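To start, the structure under review is shown below, and the notes come after it.
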Amino acid sequence: VYHGVPFQALRDYALVDGGLWARLIVPPPALIAGDRSAAGWQLPSATIDAGLLGADLLVWHTLHVADLPQSFDRIRLARPLVPGEALTLRVWLRGRSDRRIDADFVMVDAAGRVVIQVDGYHMVEVK
């Protein structure tokens with residue numbers, strides 16, 4: 001899958017026992033908005049997409065299957081993000097049943113404060 005420039009927030013990643021760590025940079029909302037106004041945007045979609053990509057990479061490397069997003073239980077945004085801000089992503093696999101794969105992820109700022117928390121990111125294995 002090719003991710004165009006607006007969706008290249010995830011810079012690098014490392015697999016660890018039980019999950020994945022990654023670094024990302026918050027893109028400016030105007031990069032995603034294009035010709036539309038980005039005024040009032042709280043969360044650039046490319047930032048959440050970086051979390052989804054991190055989960056995809058973890059699934060691919062550990063379960064050796066491809067997946068597609070299905071749903072979220074909860075997405076929490078602690079504060080507005082700052083364009084250019086460096087965040088650290090941590091992804092954990094919670095479980096797998098049949099074709100469903102479940103994960104959680106958080107993004108923390110340079111001070112270690114959680115800025116985005118996703119509980120119950122559900123994916124479906126693609127066969």
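The values are calculated or read from the model by the stated rules, or taken from the named source; none is laboratory data. In this text the structure is predicted, and so the values were computed from the model without any measurement. FYI the Cβ positions are ideal-geometry reconstructions off the backbone, even for glycines, and counts take in every protein chain you see. Accessible surface areas use protein heavy atoms only, side chains included; no ligands, DNA or RNA. Shrake-Rupley method; radii C 1.70, N 1.55, O 1.52, S 1.80 Å.
When you go through VAL126, VAL114 one by one, which is the residue that is among the β-branched types (Val, Ile, Thr), in contact (Cβ under 8 Å) with a residue 12 or more places away in the chain, exposed (fewer than 13 other Cβ atoms within 10 Å of the Cβ) and more than 16 Å from LEU10 (Cβ to Cβ)?
VAL126
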**Cβ-Cβ under 9 Å pairs, at least 6 apart or on other chains, segment 67-80 side among the hydrophobic types (A, V, I, L, M, F, W, C), far side in a loop (DSSP other than H, G, I, E, B) and open to solvent by 80 Å² or more (accessible area, probe 1.4 Å)** = LEU77/GLN42; ALA78/ARG113
**Message:** The conditions are (1) more than 15 Å from LEU10 (Cβ to Cβ); (2) modelled with pLDDT of 90 or more, and ALA38 fails exactly one of them. Which is it?
**Reply:** (2)
**Request:** Could you grab me the full set of residues in segment 94-118 that are in contact with a helix residue (DSSP H, G or I) (Cβ under 7 Å, 6 or more places away or on another chain) and either of a type in the set (Gly, Ala, Ser) or not in a strand (DSSP E or B) (or both)?
**Result:** ALA103
**Message:** Against the conditions (1) modelled with pLDDT of 95 or more; (2) surrounded by 11 or more Cβ atoms within 10 Å (Cβ to Cβ), where does ARG74 fall short? Just the number, please.
**Reply:** (2)
**Message:** So, ALA103, is that one among the small types (Gly, Ala, Ser), open to solvent by 20 Å² or more (accessible area, probe 1.4 Å) and at pLDDT 95 or above or not?
**Reply:** no
